[in-house]
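Just below is one structure, and these are the notes that go with it.
No value in this document is a laboratory result; all are computed from the given coordinates. Small disclaimer: the values here were computed from a predicted structure and weren't measured. Neighbour counts run over all protein chains shown; Cβ positions are idealised from the backbone, glycine included.
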Amino acid sequence: MNAFMEHFHPILETCEDFESVEAARREWLDLNILVSRHYRHLDSQVLWQRLIQGAIGRDGQFQHMQVIAEISLVLPMSSSCCERGFSSMKRIKSDWRSCLSNEMLNSLLQISVHGPPAEHYDSVKAVTKWWSNGSRARRPQYKD
């Protein structure tokens, strides 16, 4: 808990409900005792949810712990989303496509990571648009 509060100290200082780190440490000790005596049977997710809702302890007793619980619940538990992004970039920016601009690389990464699956892609619209647009008309019967 000490490392957590030191790391997020700049954020905690800006919160209205957070008075001091020392008060948060005292609340942490009180919360540990209360949970070990009365709430040991609860799943951790239910416990944090009840803490945030104010259903554990007296009214306003764990205001610092509520702020810390809210911060900790929005932290990602793994870096898998970052790893997927790097894998997508490695797949897109190969030796053959090493001269992509940042804008094009970003667009392709967005499509790769957040876009629809390839099975749902309809290429007819894209080919039709490519075929009809351009600096000159495309002539399939004419050999350049």
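Each residue of segment 12-23 was assigned a 3J(HN,Hα) from its phi angle through the Karplus expression (A = 6.51, B = -1.76, C = 1.60, θ = phi - 60°), giving 5, 5, 7, 6, 5, 7, 9, 8, 7, 5, 5, 5 Hz with x at Gly and Pro. Considering only C-alpha atoms, what is the centroid distance from segment 40-54 to segment 69-91, in Å? Taking the Cα centre of each part, segment 40-54 and segment 69-91 sit 25 Å apart. Would you please give the FRET efficiency between ALA55 and GLU6, computed as 1/(1 + (r/R0)^6) with r the Cβ-Cβ distance and R0 = 30 Å, to the nearest 0.05? Approximately 0.55, to the nearest 0.05. The angle between the Cα long axis of helix 80-92 and the longest principal axis of the Cα atoms of the chain comes to about 10 degrees, rounded to the nearest 10.
Distance between the 7 Å Cα→Cβ label points at SER87 and GLU13: 4.0 nm. Over the residues of the chain, the helix contribution to mean residue ellipticity at 222 nm works out to -18000 deg cm²/dmol, using -39500 (n - 2.57) for each DSSP H run of at least 4.
When the Kirkwood hydrodynamic radius is evaluated over all pairs of different C-alpha atoms of the chain, what value in angstrom, to one decimal, is obtained? If you can, show how the numbers build up before the last one.
Values: mean 1/r = 0.0483 Å⁻¹.
Kirkwood hydrodynamic radius for the chain: 20.7 Å.
Cα-based radius of gyration for segment 2-73, normalised by 2.2 N^0.38 Å, reads 1.05. Rounded to the nearest Hz, the phi-derived 3J(HN,Hα) couplings of segment 37-54 under the Karplus curve 6.51 cos²θ - 1.76 cosθ + 1.60 (θ = phi - 60°) are 8, 10, 10, 4, 6, 7, 5, 4, 5, 5, 4, 5, 5, 5, 5, 5, 6, x, where x marks glycine and proline.
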